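The block underneath contains the structure these notes are about, expressed in structure tokens.
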């Protein structure tokens, strides 16, 4: 084989490798449905993404005007849609941005300018599990509300943040679980959730998370947890 043929083969091989690298590294087609551009976000911020296929995962973060990360979280696509609530730290300044990035590389695939409210809110604990299976208290900022217990359980359902998950923090909350009600009778709190399978063994662990989260409040001394099928 002469030198010209070898050179042509080499050029073709390099072109093919570069093309493959571009395809592999190309970000998925993704659209931010919510929040809208320049929307004023309250805590928690509702995020809805459209595009990638079933099971695809991306990272989302809120960043304030100083570039400080207020929260990072993983969202998973189901039927072309991924959504979640972001409980974020108190921002500096009123401007910020929502960033969507690939978990494997950190490459940003979408961004949107938003406005962040400066409401202070209050901080509560929500309980997950660590690598050893022990209850782990994570701190969340929630909005000022007379229904503190309800908002704390909503924050619990939102799950661990991305840094927490990378540290081995996890939740036994079943996928798609919804909080239906929280009530207080004397010193006993009752929480009812809609779940796919009310008989799932994992609910025993999730009940421990719910109980520990509610027992932080001084007016609650006992907790009852109920599950119904979605």
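Computed from the coordinates by the stated procedures, all read-outs in this text should not be read as laboratory data. Since we're looking at a predicted model, the values are computed, not measured. Cβ sites come from the backbone with ideal geometry, for glycine too, and all protein chains shown count toward neighbours.
Calculated FRET efficiency, residue 31 to residue 122, Cβ-Cβ distance, R0 = 35 Å: about 0.55 to the nearest 0.05.
With the simple spin-label model, which puts each label point 7 Å out from Cα in the Cβ direction, the residue 144 to residue 180 separation comes to 3.3 nm. Working note: 222 nm ellipticity from helices only, DSSP H runs with n ≥ 4, each -39,500 (n - 2.57), summed and divided by the residues of the chain, gives -7000 deg cm²/dmol to the nearest 500. Centre-to-centre, using Cα atoms only, region 173-192 and region 35-67 are separated by 27 Å.
Labels on offer are (1) 1.28; (2) 1.06; (3) 0.98, and the one holding Cα Rg over 2.2 N^0.38 Å computed from this structure is (1). Between 52, 146, 163, the Gaussian network model of the chain with springs among Cα atoms under 10 angstrom shows the greatest mean-square fluctuation at 146.
In this rough spin-label picture, where each label sits 7 Å from Cα along the Cβ direction, the residue 76-residue 216 distance is 2.4 nm.
Quote to one decimal, in nm, the extra length available between residue 165 and residue 229 on full extension: 0.36 nm per residue of separation minus the C-alpha distance between them.
Values: separation 64, 0.36 × 64 = 23.04 nm, distance 2.76 nm.
Separation in residues times 0.36 nm, less the Cα-Cα distance, equals 20.3 nm.
For residue 108 and residue 46, FRET efficiency with R0 = 30 Å and r from the beta-carbon atoms, rounded to 0.05? For R0 = 30 Å, the calculated efficiency reads 0.90. On a 0 to 90° scale, report how tilted helix 202-214 is relative to the longest principal axis of the chain, with both axes built from alpha carbons and the result rounded to the nearest 10. With both axes taken from Cα atoms, the answer is about 60 degrees.
Name the shape class, rounded, prolate or oblate, that the alpha-carbon gyration tensor gives for region 30-101, where a ≥ b ≥ c are the square roots of its eigenvalues, rounded holds for a/c under 1.5, and otherwise prolate holds if a/b is larger than b/c and oblate otherwise. The shape class here is prolate.
With axes computed from alpha carbons, what is the tilt in degrees of helix 3-25 against the longest principal axis of the chain, rounded to the nearest 10 within 0 to 90? For 3-25 against the chain, the angle is about 10 degrees. When a/c reaches 1.5 or more, the comparison of a/b and b/c decides; with that in mind, is region 107-186 rounded, prolate or oblate per its Cα gyration tensor? Note, shape of region 107-186 comes out oblate. Mind pulling the angle between the C-alpha long axis of helix 148-157 and the longest principal axis of the chain? Nearest 10 degrees, somewhere in 0 to 90. On a 0 to 90 degree scale, this one is about 30. Once the Cβ-Cβ distance of residue 68 and residue 205 is raised to the sixth power relative to R0 = 30 Å, the FRET efficiency obtained is 0.35.
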